[in-house]
Each structure stands twice: as C-alpha cells, then as structure tokens.
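Reviewing the structure listed below.
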Amino acid sequence: MRSVRLRCYACGATATLDERKRCSCGEPLWIDTDPSGFEWPDRRDPGMWRYADLLPVDPPSGVGAAAGGTPLVRTPRLDVDGRRLFVKDEGQNPTGSFKDRGSAVGVTYAAAMGRERVGTVSHGNMAMSMAATAAGCGLECTVCVPADIPEERLENIARYGPEIVRVEGDYGRLYDESLELREIEFVNSDTPLRVAGQKTVVLEICETFAPEPPEAIVLPVSSGGQLSAIWKALRELRSAGLIDRIPRLYAVQAAACAPIVRAFERGNERVSSIEPGETIAYSIANADPPSGTRALAALRESDGAAVAVEDRETRAARRRLAREGGFNVETSSAVAYAGVRRLCERGEIDAGERIVLIATGSGFKERTTDETSGIESRTIELPELSTIG
Ligand SMILES: *Cc1c(COP(=O)(O)O)cnc(C)c1O
Ligand SMILES: [Zn+2]
C-alpha cells in the first residue's frame with residue numbers, strides 16, 4: 001500500500017484520504033501522484049493494471065483485475081467530413097462501463113485497509129460496478145438509490161447481491177453526507193480513489209497513439225469525475241515528458257440537463273446547479289455536478305469546449321453508431337457522438353484531426369425501443385427461403 005496524499009487542483013491545499021474527500025475551499029480533492037520518471041510500462045498486468053505505477057494500490061485479484069484494457073477502434077464509417085474517428089469502447093469493461101476502473105481502485109484500497117464494506121450513491125452503472133467489484137474480492141457493498149427509482153433499473157444491480165437502500169430526500173445531500181460516514185468506504189462519482197482509477201482510460205489512449213496524442217477527446221459528462229480523471233492523467237503524462245501537448249477535451253451533455261455547458265457558454269468561473277428537464281440520457285442527468293467546476297477548468301485549460309445536444313440528435317447518433325459502426329452503446333454514450341457532429345459543424349475540430357470518442361457504456365443492459373423506427377421484420381414459409389436477400 002502506498003501512502004495516499006490528496007491535493008486540491010484549485011487552491012493547492014493538501015489532506016489525507018482519511019481526513020476528507022473534499023477541500024475546505026469546497027472543491028474535490030484528487031490524489032497527489034508523482035509522475036516523474038514514469039515511462040510506458042513493460043509490465044504485463046492485465047487491463048488498466050499495467051499502469052499500477054501511477055495508481056495508489058497494487059493490482060487486485062477478482063473481477064477488479066479485469067477492468068480496463070478496452071479496445072480503441074478506428075471506425076472510418078463514423079468519420080465526420082474528414083475528421084478521423086476512433087471509438088474507445090468502454091462498454092467492454094466487466095460490468096459494461098468505464099466505472100469499473102474507478103471501482104477497482106476504490107474497492108481494492110478499502111480491502112487493503114481492512115474495511116469490510118464499501119458503498120456508493122448511484123442509480124445505475126456505478127452501483128452495478130461497485131457491487132460486482134466488491135463481490136469479486138469478498139467485501140460487502142451498500143448501494144444508496146433514490147427512493148423513487150423504477151424497479152427495472154435495480155435488476156442488474158441486485159444480481160450482484162448488494163444491500164440496496166432507497167433514500168428519501170435530496171440526492172445531492174445524500175452524495176455529500178455519505179462521504180462523511182466512517183464505517184463504510186463510499187466510492188462515489190468524483191471521489192479521489194475513483195478518479196485515480198479512471199485516469200487509466202486516457203493512459204491507454206495515449207500509449208496507443210504514442211508519441212503523438214490525438215487532437216481531440218470527446219466524452220459525455222455528468223458529475224465531471226471522468227473528465228477530471230482524464231485531465232489529471234494528461235497533466236501527469238505531460239510532466240513525465242510522454243506527451244508534449246494536451247489534447248483538446250470536449251464535454252457533451254443533454255440539452256435538458258446541461259449545467260456545465262451553461263457555465264462554459266456564459267464564461268462563468270463556477271458551475272452551479274440548474275433545474276433539470278427530462279432526457280433519454282438519464283445516466284448523465286446530474287443537475288448539480290460535484291466536479292462541475294473542475295471539469296470546466298479542464299475544458300478551458302485544454303482549449304476544448306462544452307456542447308449540448310437534443311434527444312433527437314442523440315437518437316440519431318445511437319442509431320448511426322449501431323448501423324454504421326456496429327457499436328451498441330448506452331444512450332448516454334451516444335450523446336457524445338451527437339456532440340462530435342455538432343463540434344465538427346461548428347468548426348471546433350478540423351478535417352484531418354483525430355478524435356477519440358469515449359463510448360462510456362454498453363447498450364446491452366439498457367432497454368430501448370427506438371421510438372422513431374420500431375423493429376422491422378417479416379415472416380416467410382420455409383420453402384420461400386431462396387427468395388430472401
Ligand atoms: C457515469 C457515466 C457517465 C458520466 O460520467 P461522470 O464521471 O459522472 O461525468 C457517462 N456515461 C455513462 C455510461 C456513465 O455510466
Ligand atoms: Zn481547495
């Protein structure tokens with residue numbers, strides 16, 4: 001176990017993981033890593049664990065060992081007017097989303113500290129991911145969900161056998177107050193251990209492209225945890241001398257719930273909460289993102305942008321990813337591809353540039369009927385078989 005010191009990206013204050021997870025200035029803390037001397041590893045650990053030298057824990061056993069190492073696929077049919085698209089297929093993680101990277105670090109740390117139980121506040125992928133990762137290393141897991149969650153959203157979570165607690169009351173406060181609990185290690189969307197694990201997605205991307213990182217990385221953003229992790233990892237790679245420029249980072253949100261986009265467009269320094277509307281991209285509908293301001297800093301420092309898309313564009317993107325790319329992605333991930341199209345139209349990304357689209361989650365566990373098309377099929381008699389095609 002390495003010593004874990006935290007630092008605030010905004011004011012530079014430090015703390016330890018046991019003391020607090022957020023800085024006294026209000027911003028989230030992240031783990032202080034020393035990347036000096038880091039090189040692309042020759043270690044053979046599976047998936048994300050080849051980057052264990054930049055992580056606060058050693059590789060675990062169990063399903064957490066299988067996180068990361070997802071394919072980065074060049075997909076010319078999804079190119080937009082000469083911009084070259086690559087899909088980072090995070091749906092191929094053990095529970096079908098990038099959350100497994102952060103859960104693996106959080107749960108492994110808790111186990112090493114002798115904790116018996118981990119927890120999370122989530123109604124979707126993160127709950128599933130924490131429950132599975134905890135099961136794989138013999139820890140108990142508590143999942144706090146909003147009281148009014150639809151039953152079918154709990155099916156995949158319940159399969160891994162966590163304790164499920166429906167909580168009445170404000171979801172944002174539940175998020176913050178769970179982090180104060182001492183008996184259970186809560187690994188929420190933007191907590192330091194989760195952010196540490198989620199750095200590995202961009203380490204994989206940059207190692208594949210080395211020595212020239214891609215020009216643009218586009219991802220759907222909710223809490224801002226993943227974007228913060230990507231930004232942090234890129235800064236570490238730059239200070240290790242493995243990249244000499246940080247790719248432009250682009251955050252995409254659903255127009256009905258886009259607090260980060262609003263703050264970006266208004267030139268605000270901080271992200272504040274909004275009154276959300278309904279969107280089909282429910283996994284990313286966070287109206288009060290805990291790492292919103294940190295995400296905003298990442299966009300500005302990398303010379304990127306934030307963009308909002310309508311559900312109709314997301315549906316079209318989801319359809320195109322499947323029909324022209326062969327990717328069955330979660331609706332929230334399709335938001336990012338809709339964003340790519342907008343960004344290209346606006347001239348934010350130039351012809352010839354390489355775009356990495358982070359397809360954050362798999363569509364296989366999501367029940368969607370495409371409202372615009374339905375399922376087309378026809379029935380024939382077996383003797384008519386030679387007439388098909
Ligand atoms: C959690 C999640 C996101 C958003 O990630 P944040 O770190 O909360 O910004 C995007 N897509 C999917 C599929 C997710 O599960
Ligand atoms: Zn601070």
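The values are calculated or read from the model by the stated rules, or taken from the named source; none is laboratory data. Note that the structure is a prediction, hence the values are computed from the model and not measured. Methodologically, a virtual Cβ is constructed for each residue, glycine included, from the backbone with ideal geometry; neighbour enumeration extends over all protein chains shown.
Considering the conditions (1) over 29 Å from L139 (Cβ atoms); (2) within 16 Å of ligand 1 (Cβ to nearest atom); (3) part of a loop (DSSP other than H, G, I, E, B), P211 is excluded by exactly one of them, (2).
Residue count for region 272-294 under the criterion of being farther than 11 Å from S223 by Cα and touching a Phe, Trp or Tyr at 6+ places or on another chain (Cβ under 7 Å): the result is 0. Which condition number does D288 fail, the rest of (1) charged (D, E, K, R); (2) farther than 23 Å from P214 by Cβ; (3) outside any loop (DSSP other than H, G, I, E, B) being met? Unmet condition: (3). Selection of first residues in region 262-282 that are within 23 Å of A338 (Cα to Cα) and at pLDDT 95 or above and of second residues that are β-branched (V, I, T) and assigned to a loop (DSSP other than H, G, I, E, B), restricted to Cβ pairs under 7 Å at least 6 apart or on distinct chains, gives the following pairs, ordered by first then second residue: R262/I274; A263/V271.
Looking at region 96-125, which of its residues are among the β-branched types (V, I, T) and in contact (Cβ under 8 Å) with a residue 60 or more places away in the chain? Walk me through it before giving the result.
Going through region 96-125, the residues among the β-branched types (V, I, T) turn out to be 105, 107-108, 118, 120-121.
If the condition is that a residue be among the β-branched types (V, I, T) and in contact (Cβ under 8 Å) with a residue 60 or more places away in the chain, then V105, V107, V118, T120, V121 are the ones that fit.
The conditions of being under 30 Å from Y250 (Cα atoms) and either modelled with pLDDT under 95 or not basic (K, R) (or both) are met by I349. G37 satisfies every condition listed in (1) surrounded by 13 or more Cβ atoms within 10 Å (Cβ to Cβ); (2) touching a residue at least 60 places away in the same chain (Cβ under 8 Å) except (1). Do we have A67 as surrounded by 15 or more Cβ atoms within 10 Å (Cβ to Cβ), out of contact with any Gly (no Cβ under 9 Å at 6 or more places or on another chain) and of a type in the set (A, V, I, L, M) here? Taking the combined requirement at face value, the residue does not satisfy it.
Looking at region 106-116, is at least one residue polar (S, T, N, Q) and over 13 Å from the mean Cα position of the chain (by Cα)? Explain how you work it out, then say what you get.
Going residue by residue through region 106-116, those that are polar (S, T, N, Q) are 108.
Narrowing further to those that are over 13 Å from the mean Cα position of the chain (by Cα): 108.
Yes, region 106-116 contains a residue that is polar (S, T, N, Q) and over 13 Å from the mean Cα position of the chain (by Cα).
For region 214-244, filtered to residues that are more than 15 Å from L203 (Cα to Cα) and among the hydroxyl-bearing types (S, T, Y), the residue that is nearest to ligand 2 (Cβ to nearest atom) is S223.
Working only within region 157-208, note down all residues that are among the polar types (S, T, N, Q) and assigned to a helix (DSSP H, G or I). Walk me through how you get there before you give the answer.
Here is the first cut: in region 157-208, the residues among the polar types (S, T, N, Q) are 178, 188-189, 191, 198, 200, 208.
Listed by number, the residues that qualify are S178, Q198, T200, T208.
Residues in region 98-107 include at least one that is of a type outside the set (S, T, N, Q) and away from ligand 1 (no atom under 16 Å from the Cβ).
Considering region 271-297 alone, what residues qualify as being within 16 Å of ligand 2 (Cβ to nearest atom) and small (G, A, S)? Reasoning before the result, please.
So in region 271-297, the residues within 16 Å of ligand 2 (Cβ to nearest atom) come out as 271, 290-297.
Matches in region 271-297: S291, G292, A295, A297.
Tell me, please, whether a residue that is within 25 Å of D288 (Cβ to Cβ), in contact (Cβ under 8 Å) with a residue 60 or more places away in the chain, surrounded by fewer than 24 Cβ atoms within 10 Å (Cβ to Cβ) and aliphatic (A, V, I, L, M) can be found in region 180-190. Yes: one or more hits.
The lone criterion from (1) crowded, with 22+ Cβ neighbours inside 10 Å; (2) within 16 Å of ligand 1 (Cβ to nearest atom); (3) not in a strand (DSSP E or B) left unmet by I349 is number (2).
Selection of strands (runs of 3 or more DSSP E) fully inside region 1-110 by the criterion of at least 2 residues being touching an Asp or Glu at 6+ places or on another chain (Cβ under 6 Å) and within 16 Å of ligand 2 (Cβ to nearest atom) returns 5-8. Within region 111-156, the residues that satisfy the criterion of being within 16 Å of ligand 1 (Cβ to nearest atom), modelled with pLDDT of 95 or more and assigned to a helix (DSSP H, G or I) are N125, M126, A127, M128, S129, M130, A131, A132, T133.
Condition check: more than 18 Å from E204 (Cα to Cα) and crowded, with 19+ Cβ neighbours inside 10 Å. Does P60 satisfy that? Before the answer, list the steps.
On the way: more than 18 Å from E204 (Cα to Cα): yes; crowded, with 19+ Cβ neighbours inside 10 Å: yes.
In short, yes.
When T16 is tested against the conditions (1) surrounded by fewer than 21 Cβ atoms within 10 Å (Cβ to Cβ); (2) within 16 Å of ligand 1 (Cβ to nearest atom); (3) among the β-branched types (V, I, T), the lone failure is (2).
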